[in-house]
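Undergrad: For reference, the structure I am asking about is given below.
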Amino acid sequence: MRPFLSLLLVATVGLAADAQSAPGNTLTLEQALDIAAKNNPAYQQAVLGRDRAQAQARAAYGSLLPSADASAGLGFREGRPQNFGGIALGASSDIVQSSWNLSANSRFSWNTLNQIKRANSALDAADADVTAARFNLRAQVTQQFLLALQTQARAALQDTLVSQQRLQLELAQARAGVGTLTSLDVKRAEVGLGQQEVAALRARNTAEVAKLQLFQQLGVAMPAGVTLAADLPLAAPTFAAEDLLTQARQANPALQAVRAREQVAVAGLRSARGEYTPTLSLSANISAFTQKQLQFIANPGDTPAQDSARREAFRIANSAYPFDFTRNPYSLSMNISIPIFDGLGRETRLQEANAAREEAVYTVRRQELQLTADVTSAYVSLQAAFQAVELQTRTAATAREALQLAEERYRVGASTFVDLTTSRAEYERAETDRIDAVYEYHRAFAALENAVGRTLR
């Protein structure tokens, strides 16, 4: 592509928008993408899905750790004598009891390791889903941003055409004033100006609606007076189709997601097979207790010395409560469980897991074929779109020159008003087609980036 033509293409893309832009109140595409990533509800839901997968992976790792439980208790038993025939016998004191218990249990099987692998694969799939959601959001926002820019450029063109129509009316009025033109041509010019003003009004309304839809997609309210920056580069594609296919097979998030789910299916199959392996269980337990009476009961048969000794022993024992626990014997146990028969449940789950794995393989293959088609189609469309931009740019430049020539000829009376109107209409069609071709190129470029799974500029 010649340097002059490249410069012309870039200049014409931003011409219309630059005429309306206000410094400090413009929104670039990258800014729009950042806003959407923070506020778009659909993308945030994908992020939350990844958080859930991360929690499940953490829980799978936790299955390797033993479970531990601790308990403590405190009880009170009232002491009272037993009455037999009105005679109180066997008087006892109030008793306070306390205890504690600590136990640990652990289960291990090959299925446990397979569940961890499955959870990790599911986390990888969730990561790929987030990346895919981000690229889908990028594609959607980019397409809407380009549509808003396109309508913005069309509105600017219609405003330019209003100015041109006013000029034609002034020329018609000037020629009618010197008697070289009939009043019919003046009326035609007035009608043309009115029609062009209506077209400009409709174009501005369409551009405003497109911006509103863009900010709705971003998930935020549209600021007053905001314009969109038309600073997108436009150049001939320099990458090769095979290189793009290679990059897409490595980076496309949708393909990475189905590949991760294939690994989930593989781990699920291993988990189903692991149900046939033994399960090892380990447990340990330790506990202790106290039991103290709250009042001293004298023994009628004790001597004074014995009574004093028992009272002192009672005082010492209760002063240590509740810290002098008596430990029970601790226990350790190990158990191996060997599955034999569960009513064909394991066999059924194994068949289902094998079918899910085969289905995942075909899903990956289908996605690979679709990816090849998408990248190839987007690449061909981009090539054609750039060629269309070149052709439409030359056509618009020619139409602009023809309009300028028609205006000069009309000014000196060398052409009719119909000739001028025809040239202006041809210029409008050519410039509109050029604008459409430019943004069709950008849409094709965005589609190619989405198919590859990475930015290309």
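Just so you know, all these numbers are worked out from the coordinates, no wet-lab data involved. The shown structure was predicted, so the numbers you read here are calculated from the model rather than taken from an experiment. Don't worry about glycine lacking a Cβ; one is built from the backbone with ideal geometry, like all the others, and counts go over all protein chains shown.
Undergrad: Can you tell me the length gained on complete extension of the stretch GLN247 to GLU352, counting 0.36 nm per residue apart and subtracting the Cα distance?
TA: Full extension from GLN247 to GLU352 adds 34.4 nm.
Undergrad: Something else about it: Of the options GLN158, LEU344, TYR441, report the single residue whose Cα projects farthest towards the positive end of the charge dipole of the chain (beta-carbon charges: Lys, Arg +1; Asp, Glu -1).
TA: LEU344
Undergrad: Now, a different point. Please state the charge dipole magnitude for the chain, taken about the Cα centre, from unit charges on C-beta atoms (+1 on K and R, -1 on D and E), reported in debye and rounded to the nearest 20.
TA: 840
Undergrad: Then there is this: How much FRET efficiency would the formula 1/(1 + (r/R0)^6) give for THR455 and GLU359, where r is the Cβ-Cβ distance and R0 is 35 Å, rounded to 0.05?
TA: The value I calculate is 0.60.
Undergrad: Still on this structure, I have one more. How many nm is it between the label spots at GLU312 and ASN25, if each spot is 7 Å from the Cα in line with the beta carbon?
TA: 9.9
Undergrad: Which of the DSSP-defined H helices in the chain satisfy a minimum axial length of 18 Å, computed from C-alpha atoms, and a minimum mean Kyte-Doolittle hydropathy of -0.5? Present the calculation step by step, with values, prior to reporting the outcome.
TA: Values: long enough: 3-20 (27 Å, 1.49); 41-62 (32 Å, -0.70); 110-177 (100 Å, -0.23); 183-218 (53 Å, -0.15); 253-274 (31 Å, -0.03); 304-319 (22 Å, -1.01); 345-411 (93 Å, -0.58); 417-452 (52 Å, -0.46).
Span-like helices in the chain: 3-20, 110-177, 183-218, 253-274, 417-452.
Undergrad: Continuing with this model, one more query. Cross-link candidates for LYS117: which aspartates and glutamates have Cα within less than 20 Å, leaving aside residues fewer than 8 places away along the same chain?
TA: Straight-distance partners of LYS117: ASP51, ASP127, ASP129, GLU262, GLU275, GLU352, GLU358, GLU359.
Undergrad: Please give the charge dipole size of region 193-305, origin at the Cα centre, charges +1 on K and R Cβ atoms and -1 on D and E Cβ atoms. Round to the nearest 20 debye.
TA: Its charge dipole is roughly 200 debye.
Undergrad: What's the ranking of 367-377, 145-155, 306-316, 258-268 by average number of surrounding C-beta atoms within 10 Å, highest first?
TA: Result, highest mean first: 145-155, 258-268, 367-377, 306-316.
Undergrad: Considering only ASN114, ALA248, LEU405, whose Cα is most displaced toward the positive end of the charge dipole of the chain, charges sitting on Cβ of Lys, Arg (+1) and Asp, Glu (-1)?
TA: Result: ASN114, furthest along the dipole toward the positive end.
Undergrad: Under the rule of -39500 (n - 2.57) per DSSP H run of 4 or more residues, summed and divided by the residues of the chain, what mean residue ellipticity at 222 nm is obtained, to the nearest 500 deg cm²/dmol?
TA: Rounded to the nearest 500, the figure is -24500 deg cm²/dmol.
Undergrad: Starting from the 7 Å offset along Cα-to-Cβ, what nm value, one decimal, do you get for the label separation of PHE108 and LEU184?
TA: So the label points at PHE108 and LEU184 sit 10.3 nm apart.
Undergrad: What does the charge dipole of region 353-404 about its Cα centre add up to, to the nearest 20 debye, if the Cβ of each Lys and Arg holds +1 and the Cβ of each Asp and Glu holds -1?
TA: 60
Undergrad: Based only on other Cβ atoms within 10 Å, what is the fewest-to-most ordering of LEU212, LEU33, LEU420?
TA: LEU212, LEU33, LEU420
Undergrad: Can you give me the C-alpha center-to-center distance between region 23-47 and region 367-393, rounded to a whole angstrom?
TA: So the separation of the two Cα centres works out to 27 Å.
Undergrad: Please work out how much length the chain gains when fully extended from ARG411 to ALA174, using 0.36 nm per residue of separation minus the C-alpha to C-alpha distance, in nm with one decimal.
TA: 84.4 nm
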